[in-house]
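The values are calculated or read from the model by the stated rules, or taken from the named source; none is laboratory data. Every value quoted in this text rests on a predicted model; they were computed, and no experiment measured them. These area figures cover heavy atoms from the full protein model, side chains too; ligands, DNA and RNA do not enter into them. Shrake-Rupley method; radii C 1.70, N 1.55, O 1.52, S 1.80 Å.
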Amino acid sequence: MPFNARITMPAEARAGDIIEIRVLARHPMDRGGQSDGKGGIVPRKILNRLTATYAGEQVFRLDMNTGISANPFVSFTTRAVETGDIVFEWREDGGATYTRTSRLVVT
């Protein structure tokens, strides 16, 4: 299953405004441990961390575990300080990382 994420946030804001950012990741969040039907065990494969970086600083971090449902949705706020990219990075069990970027224009 290819990774897909929907990021919803304003395209622009005034300096000092608080903006809401909503993120929905399409991921099965497989807790593992069940039989694969061939005598083996399905390994755990979840997104275990989401970070958001803006203006050179980490503005959000979420550590996830097997208690998080499939297709995790999160919402957080940050203050608009300068025009730039907000970089979202998901880390998955096994070392895979997925990155998406959204641009915020500050007026």
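Per residue, the chain exposes 60 Å² of solvent-accessible protein surface, assessed with a 1.4 angstrom probe and all protein chains in place.
In segment 1-91, the portion of solvent-accessible area held by carbon and sulfur atoms comes to 45 percent [1.4 Å probe, whole percent, DNA, RNA and ligands not counted]. By the Cα gyration tensor, the chain has an equivalent ellipsoid whose semi-axes, rounded to whole angstrom, run 33, 11, 11 from largest to smallest. Note: relative contact order over the chain, using C-alpha pairs below 8 Å and six or more positions apart, is 32 percent.
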